[in-house]
Amino acid sequence: AKQFKIHKVITCKKYFPGKALNLGIKAAKGKYIVSLSGHCIPTNGLWLNNLLKNFNDSKVGGVYGRQEAMAFTSDSDKRDLALIFGLDQKVQIKDSFFHNANSMFRKDLWQKFPFDDAVTNIEDRIWAQKILQAGYKIIYEAQASVYDYHGIHQDSNVERCSNIVRIL
């Protein structure tokens, strides 16, 4: 990031996903926060508008978009991305699945419900559960699509899987 003309670069010592997100969001300005992981590339120029359009409803707390495989993605990750990120929009009122690799959410809700600073994985799902419990909706917006470099399960990384199961 430092090689580009970035306004501010935030450094996170002793990295945890939620901690890094919280540090960046705290420094961010604006009504909405966009989270786009370094392993994701928007598939078209409407990506951001397709996330934002869902916030016309004041009960929407967060929106996450589709993730598509790249040509060199492993077959297991291609399968998982295709199964998890379908072509139809979903409105979630009980299902706490949320993926912040490609997402947008309201900063005022983040101020009430920041990401967990101490978990090693699925901080986004833990956050979404709090949002749903507070009476908000989560939207899956298939039209807000990105290419994902490594897939959702990172080619069946056993240690990552064990951490997620432990947290669940």
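Taking region 91-103, which residues are of a type in the set (A, V, I, L, M, F, W, C) and open to solvent by less than 10 Å² (accessible area, probe 1.4 Å)? Lay out the reasoning, then the answer.
Taking region 91-103 as the starting set, the residues that turn out to be of a type in the set (A, V, I, L, M, F, W, C) are 91, 93, 97-98, 101.
If the condition is that a residue be of a type in the set (A, V, I, L, M, F, W, C) and open to solvent by less than 10 Å² (accessible area, probe 1.4 Å), then PHE98, ALA101 are the ones that fit.
Quick one: VAL119 ticks every box in (1) modelled with pLDDT of 95 or more; (2) in a loop (DSSP other than H, G, I, E, B); (3) under 30 Å from LYS14 (Cα atoms); (4) among the aliphatic types (A, V, I, L, M) bar one, so which box is it?
(1)
Conditions: (1) more than 12 Å from the chain's Cα centre (by Cα); (2) modelled with pLDDT of 95 or more. SER156 meets all but one. Number of the miss?
Among (1) more than 12 Å from the chain's Cα centre (by Cα); (2) modelled with pLDDT of 95 or more, the lone unmet condition for SER156 is (2).
What is the residue count in region 50-75 for residues that are of a type in the set (S, T, N, Q), modelled with pLDDT of 95 or more and touching a strand residue (DSSP E or B) at 6+ places or on another chain (Cβ under 8 Å)? Even if it seems obvious, please write down each step before you answer.
In the first step, residues of region 50-75 are kept if they are of a type in the set (S, T, N, Q); the result is 50, 54, 56, 58, 67, 73-74.
The next check asks that each one be modelled with pLDDT of 95 or more; those that pass are 50, 54, 56, 58, 67.
Subsequent filtering for residues that are touching a strand residue (DSSP E or B) at 6+ places or on another chain (Cβ under 8 Å) retains 50, 54, 67.
The number of residues fulfilling the criteria is 3.
Residues checked against (1) touching a Lys or Arg at 6+ places or on another chain (Cβ under 8 Å); (2) open to solvent by 30 Å² or more (accessible area, probe 1.4 Å):
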site	(1), (2)
ASP117	yes, yes
GLN133	no, yes
GLN143	yes, yes
VAL146	yes, no
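Would you call PHE113 open to solvent by 40 Å² or more (accessible area, probe 1.4 Å) and closer than 18 Å to LYS31 by Cβ? Can you show your working first?
Working: open to solvent by 40 Å² or more (accessible area, probe 1.4 Å): yes; closer than 18 Å to LYS31 by Cβ: yes.
When the stated conditions are applied, PHE113 passes them.
Please state which one of ILE84, ILE33 is in contact with a Lys or Arg (Cβ under 7 Å, 6 or more places away or on another chain), at negative phi and of a type in the set (Val, Ile, Thr). Write out each step before concluding.
On the way: ILE84 fails: in contact with a Lys or Arg (Cβ under 7 Å, 6 or more places away or on another chain).
Answer to the check: ILE33.
The values are calculated or read from the model by the stated rules, or taken from the named source; none is laboratory data. All of these numbers come straight from a predicted model, not from anything done at the bench. Neighbour counts run over all protein chains shown; Cβ positions are idealised from the backbone, glycine included. Only protein heavy atoms, including side chains, enter the accessible area calculation; ligands, DNA and RNA are left aside. Shrake-Rupley method; radii C 1.70, N 1.55, O 1.52, S 1.80 Å.
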